[in-house]
Every structure is written in structure tokens, then in C-alpha cells.
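Novice: Dropping the structure in here first, questions after.
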Amino acid sequence: MQQKIIILDFGSQTTQLIGRRVRELDTFCEILPYNKYPEDDSDVIGVILSGSPYSVHDPEAFKVDLSRFMGRLPVLGICYGAQFISHSLGGKVEKADSREYGRAHLQTVDKTNPLFLGFDDNSQVWMSHGDTITAIPEGFKCIASTADVKYASYTNGKDVWAVQFHPEVFHTVQGTQLLKNFVVGICGSEQSWSADSFVDTTVAELKAQLGDDKVILGLSGGVDSSVAAVLLHRAIGKNLTCIFVDHGMLRKNEFRDVMHDYECLGLNVIGVDASEKFFADLAVVTDPEQKRKIIGRDFVEVFNAEAKKIEGAKWLAQGTIYPDRIESLNITGKVIKSHHNVGGLPKEMHLQLCEPLKWLFKDEVRRVGRSLGMPEHLITRHPFPGPGLAVRILGDITPDKVRILQDADDIYIRGLRNYKVKLSGEEARLVLAAGVPANMQNGEIEVSLYDQIWQAGTVLLSTVRSVGVMGDERTYEHPVALRAVTSTDAMTADWAHLPYDFMAKVSNEIINKVRGVNRVCYDISSKPPSTIEWE
Ligand code: XMP
């Protein structure tokens, strides 16, 4: 049986990060809404309670019945989790005089306690809370304090631990050590969750589940669907048929190059050039949501028409990954953009759904891809939106505009791949933790700018024109905006601080080589309040 840690989500921004940190310890974990603790927990070895935007005193605060697991399994409360335990067991939580936010240092810490083994004096932690614990429950003792927070950590000395800081965030320097102490030292994880073990068990499971059945899979050229395809191909070989639709708004040469990659991997792929249909249906459409809806609808139509030709297919496989599925506690519940992913389920064909990557985070998908021997350029590809360049061209879409954008974008992306940077310290640690293969030499790694960022793309501002001069000629053409962001999950993102000499070179090359563009801007907005894509 696969051991697992349960993380109960009380709606914090960093809950997914706790999950990733636990997985980095080669331990399987599941993130569940705070009120969905499983009936059968025979495979659970420990429970973590996350942070929350609420105060324990808010009438609408999320509550959990601790007796479901406390006393039987080790428990770690983080931030709100720590306050909730205190509040529930007779301690006291009060509004802090000032919001405790940012870096702090553990002035006292019980380094003999199993949670803090290996800790240094004055270890830096990250605080982010408006309430503070002013009394801990009877039978509990304080095991760490900062200058401002007396009960930075407390325990009952047996099976309950709580920390008011966030061990999962990068700024808690020994956060990984703390989580390892809990997950491995206290809960007894065997650390047997790895990409290789995932491939072995999943291939065996897929063989048993699918037998001789035929399976259809929609490929997008992206990492998730490609890894899902190779995994399925390993399990069922030629019984897998992949469909890759070209809607005409992919990157320059992408359809050709990716088809070639797929064929080299031995996949059975049907490539469908449906660009004319998409361009015809999108003509004169300028509204972003309408564009997305048309593309989503056309995609399903084209995909289904191809899928119907595959006789006897019983399954539809998708590259859905864990963050796509986590039932997050979205407190506003508003739709910002309608996302369309490849291949709606053709209902009349009665296909069953197969999602072999549904438990994996993005960096784990990449590790699985490497374990399957896939080429590095496929594995490290940036995410790309389903509607493609259509949501990166403001205003209406024409084949000409797509060509201009493809050419500008190609210069930018090739530039990012070719520009190497040396990283050390925390920056290097972050990049290595994301699974980028690089060798540490003299404390430094060398990676491309492309590998250092989450996602980059170019936007054609085709509703805007500005004056320029080229040679002796006046120009009156469109600007492009370059976008590059750092992120871990695309939920939040920061604009990447690209080197000036790189931007200067790319700007020159685009303006000199791409007819129709006479100005290059760089997008310096973070998400929120902006989004990654412009439409
Ligand atoms: P936003 O623009 O919402 O994008 O900040 C977040 C992430 O989602 C990608 N994206 C999409 N992915 N279908 C997809 O599969 C879509 O319709 C879609 N729209 C945006 C975007 O590229 C970024 O990684």
C-alpha cells in the first residue's frame, strides 16, 4: 500500500506548496478540502493542517473535527492550522498588535525536539498572520519563539506539533528540514515515491486497467499531454492513437517540429491541419472571451470528427495534472478566463476517461518524462495556452498577424534558449528544485534564461500603431510586448528581471527582421493583479 500524508486545505495561498515540499521528500501526499478527510485512512501516516485567509474567530472560518485523526496519527498545524489547534483545545488566539508579516528569527528553539532536529541557532522563518497564539492548551509546551512571537511552535510532546510560521515557503531557510523531520522522522515515511517508481507502478496499472482496449489521446505539444502519451504508449503500444490538431495559431514551425518529435518517440499520431476552419470562424472576432469560446468549440468538433474514425476506441486519455484538479477553496468563485483544453469528451462515443498524471505536480511530470527517456526540449517546454497565439493578438486575427507574431516570438524564444546565466545560492537551489538538469560546479550552475523562467511569450498589439523611422523612411506599425514570468503554478506570477543586454539584443533583432513591427515593449506586471496571458 502507498503510504501518504494528508494535507487539509483551509484556503491558504501556499497549500499547494506544502504538497510539493512533501513530494520533494519522495513521499506521496494528497491535498483535500478541510472538510473532506477520508473515511478510510488506513494508508495515511500523518496529517498537516494548512494556513487560511480566515481568523479562527471569523464566523465563517473553516473548521475541522480534530478527533477524526488526532490521537491516532501525527499532526502538524501550520499558521492557521496552529492557531486552530490551540483555539480548539483550550488555548487562546488573539488579534496581534500589528500584523506579523515577513522574516523573523527563532531566538529560542528546542533542538532536541524531533521537529527541530538539525536546526541552527537564530534560524530564519517566514511569518504571515494577523492573529497570534497568546496561550497554548494544557499539556502542551512551547518549543520555539521569535522576538515578537512567543509561541512560534508548540507540541504536546507526543503526536501534535504546531508552527505559526510557514515552513513550506522559500524564506523559511530550514523549512525543508522541518518538514523532513515531521514527514520522515515523526510520521515514518519510507520515501519510496519517485519518478521511476511512479513509471513502473503506473505502467503496470494501465496494463491491467486497459487490457487490449483502444485509447485516444489529444496531444497539444505541451509537456503534460506528451508525457501522458509516452507513458500510455509504454503500457499499451499501438493501441494508443494520438490526435494533434493544428488550429493555425501555434508557434513558428511548432506543428512540424512536434509531429517529428512524436514520430521519433514511436507514437501513433494523426496530425490534423484545421487552420482554415479556425481562421474562418474567428474572422472579425475581437472579444477575448468570444475568441476562446469559438476556439474551444471548434477544437471539440475537429477532435471528435477524428476520434470517431478510430473504430472500437473505449477510452479517452488526457494529460490532466494534479493542480488542474485540486478542489481549491476559491473564495470569490468568479471566472476570470474560460480555459479550453484539448479534446472535449465525445459523449455519444461513451468513452471512459483515463488520466495517468492526475496525481502529479508539473515538476514531477517533467521528472517522469526524463525517466521515460523523452528529449529535454520537449520536457522543459514552457506552458502554452490552448487557444495559442489567438489570445496573444489584440483585436481580430488574420493569418498575416499570426505570421508576424510567430516571427517575433521565434526570435525572443530562441534568444532565451541561447542566453546562459550563472546562478548560485538560493537562485540555483530553486532552479534545481524545479527539476532543471544542471551541474553544480564551484557552487554555481549554468542554465539558459529559458530554463530559469516559468513561461515567456510575445503579444502583438495589433490595435495600436506608432510612428518610427527606418533608414530614411517613416514607419507606422505595430508594437509587440514581450512577457516573461517566474512562477511555480501559474496561480501567481512575477515578471522576470531579464538582463538589459538581452532585451536590447532581442529588441534590435525583432525590429530589424520582422516587417510590421517597429517597437518592442516589456510587460512588467505581476499576477495578480494582471494575468499571464493578455486575453
Ligand atoms: P492566465 O492568463 O490566466 O494564465 O494568468 C495562467 C496559465 O494558464 C495558461 N492558459 C491556458 N492554458 N488553456 C490552457 O491549457 C487555456 O485556454 C489557457 N489560457 C491560459 C497560461 O498560458 C498560463 O500558463
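The values are calculated or read from the model by the stated rules, or taken from the named source; none is laboratory data. This is a predicted model, so every value here is computed, not measured. Cβ sites come from the backbone with ideal geometry, for glycine too, and all protein chains shown count toward neighbours. These accessible areas exclude ligands, DNA and RNA; they are computed on the full protein's heavy atoms, side chains included. Shrake-Rupley method; radii C 1.70, N 1.55, O 1.52, S 1.80 Å.
Novice: So residue 401 ticks every box in (1) assigned to a helix (DSSP H, G or I); (2) surrounded by fewer than 17 Cβ atoms within 10 Å (Cβ to Cβ); (3) over 23 Å from the mean Cα position of the chain (by Cα) but one. Which box is left unticked?
Specialist: Failing condition for residue 401: (2).
Novice: Looking at 366, 429, 370, 414 in this structure, which one is within 16 Å of the ligand (Cβ to nearest atom) and either open to solvent by 20 Å² or more (accessible area, probe 1.4 Å) or assigned to a loop (DSSP other than H, G, I, E, B) (or both)?
Specialist: Going through 366, 429, 370, 414 in turn, just one is within 16 Å of the ligand (Cβ to nearest atom) and either open to solvent by 20 Å² or more (accessible area, probe 1.4 Å) or assigned to a loop (DSSP other than H, G, I, E, B) (or both): 366.
Novice: Right, next: State whether one or more residues within the range 261-280 are assigned to a loop (DSSP other than H, G, I, E, B) and within 16 Å of the ligand (Cβ to nearest atom).
Specialist: No, the range 261-280 contains no residue that is assigned to a loop (DSSP other than H, G, I, E, B) and within 16 Å of the ligand (Cβ to nearest atom).
Novice: Moving to a separate point now. Looking only at the range 495-535, which residues are of a type in the set (D, E, K, R), modelled with pLDDT of 95 or more and either in contact with a Phe, Trp or Tyr (Cβ under 9 Å, 6 or more places away or on another chain) or outside any loop (DSSP other than H, G, I, E, B) (or both)?
Specialist: Across the range 495-535, the qualifying residues are 501, 505, 509, 513, 519, 523.
Novice: Go through 146, 132, 112, 108 for me and flag whichever is open to solvent by 40 Å² or more (accessible area, probe 1.4 Å) and either under 30 Å from residue 39 (Cβ atoms) or in contact with a strand residue (DSSP E or B) (Cβ under 7 Å, 6 or more places away or on another chain) (or both).
Specialist: 108
Novice: Of the conditions (1) touching a strand residue (DSSP E or B) at 6+ places or on another chain (Cβ under 7 Å); (2) within 30 Å of residue 14 (Cα to Cα); (3) within 16 Å of the ligand (Cβ to nearest atom), residue 445 fails just one. Which one is it?
Specialist: Status for residue 445: all satisfied but (3).
Novice: Of the conditions (1) in contact with a strand residue (DSSP E or B) (Cβ under 7 Å, 6 or more places away or on another chain); (2) modelled with pLDDT of 95 or more, residue 95 fails just one. Which one is it?
Specialist: Failing condition for residue 95: (2).
Novice: With the checklist (1) within 15 Å of the ligand (Cβ to nearest atom); (2) open to solvent by 60 Å² or more (accessible area, probe 1.4 Å); (3) without any contact (Cβ under 8 Å) to a residue 40 or more places away in the chain in hand, flag the one item residue 493 doesn't pass.
Specialist: So residue 493 meets the others, but not (2).
Novice: Please give the number of the condition residue 236 fails out of (1) aliphatic (A, V, I, L, M); (2) open to solvent by 10 Å² or more (accessible area, probe 1.4 Å); (3) more than 28 Å from residue 383 (Cα to Cα).
Specialist: (3)
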